[in-house]
Amino acid sequence: MYQMRKLWCAPYLEGRCFLGLSSNQRSESLNSVLHTHLEGKMSLFEMLEHYERCLASRRINEALHDVEALQSVPFTEENASPLEKHAATVFTPSVFKMVLWSIDAVSKCQIREILDGSEDSTYVVSKQERMDKKFGVRIEEQGGLLHRVSCSCRKLECAGTPCSHIFYILGILKQTILPSCCVPTRWTMNAKCAYTPTRKNQMYDYSVSLQRYRELRNCSHAASFKACHSDEDYHRLIMLLQAQHHGKQSSFEQADSKESTNAQHNNIRFGPLMPHSEKVDKVLDPVHVPGRGAPKKRLQAKTKKSRSQNICGYCKNPGHNRRKC
């Protein structure tokens, strides 16, 4: 059955696009990066910081590839075909390398038979090194214009790029532009038009209250530094701050002040909330659950007790023995 997998795998993969991926290596590599320097004793915020740090390098590489794709065009020879020049301007540079491999294989193709129909035509194509293997390229036209192209090798449906058989038939038909059915949107320069140009996480976005708190804190630091050099400015600033702190408050503000005083007595840190945590009452770190079995070697080294120092038998001082006393 495994040797005949090319026959029975095709029906299960029909209608599904995997973008050329044949294994879960990409997801496993990302998991290995995230698991690096990840410990079970991390708090929730430390884990999110580690997650953002790992994705920062991926975002930078993606931005560099976007700049290269939008501001440059892959090199093509002067005697290149019009289809190759058009593919260089439509596809991204990384995808154009795969398309170029199909364009180079056009020289090995050869027509075996042409089957004309009422609305479509089928061209039977084979390669020179394997004339016994035949592929059918179906061409559909509407109103004298090319409407749809498909090949029995199914590369266009599986990988999303035209095969060498399609390029060969389009060259015979003297087409200068690739039809829209041969250019999936996900492989083109306009694939990211639906996304915002600036994409980032909202982990470090500040709410309105936090921005006000930061501005007041910076101003109070500068005012306190100036007031500490003069007795008159010092007493004036102290009276102003005390009047602001002990002024009349509403019922909600009085309740908040009571909670803040209780938090001060209980040594709990408080302050302005982040925008994504304003609607949440309290988010605590996950409970640390020790794993089964013996701890890892690096944890064993931390839990081991330090060796006791030698004590001299004569002077009773640590650090040496009777021979070195």
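Remark: for residue pairs LYS97/LYS133; LYS134/LYS155; LYS85/LYS133; LYS97/LYS134; LYS85/LYS134; LYS155/LYS192, the C-alpha separation exceeds 22 Å in LYS97/LYS133; LYS85/LYS133; LYS97/LYS134; LYS85/LYS134; LYS155/LYS192. For the range 126-191, the list of GluC sites (Glu not before Pro) that fall in a loop by DSSP and count at most 14 other C-beta atoms within 10 angstrom reads GLU129. The GluC sites (Glu not before Pro) of the range 42-85 that meet both conditions, a loop assignment by DSSP and at most 11 other Cβ atoms within 10 Å of the site Cβ, are GLU77, GLU78. Qualifying chymotrypsin sites (Phe, Trp or Tyr not before Pro) in the range 69-138, where qualification requires a DSSP coil assignment and no more than 12 other C-beta atoms within 10 Å, comprise PHE75.
Each other residue within a Cβ distance under 14 Å of ASP120 adds +1 if Lys or Arg and -1 if Asp or Glu, for a net charge of -2.
Placing pseudo-labels 7 Å out from each Cα toward the beta carbon at CYS228 and GLU28 gives an inter-label distance of 5.9 nm.
Note: relative contact order over the range 82-191, using C-alpha pairs below 8 Å and six or more positions apart, is 28 percent.
Among VAL124, VAL289, VAL73, VAL99, sorting on how many other beta-carbon atoms sit within 10 Å of each Cβ, with the fewest leading, yields VAL289, VAL73, VAL124, VAL99. Relative to the globular-protein estimate of 2.2 N^0.38 Å, the Cα radius of gyration of the range 82-191 stands at 1.03. Only the Cβ atoms of Lys and Arg (+1) and of Asp and Glu (-1) were treated as charged; on that basis the dipole of the range 16-155 about its Cα centre amounts to roughly 480 debye.
No lab work stands behind these numbers, since they all come straight from the coordinates. Keep in mind it's a predicted model, so treat the numbers as computed, not measured. Reconstructed Cβ throughout: ideal geometry from the backbone, glycine too, with neighbour counts over all protein chains shown.
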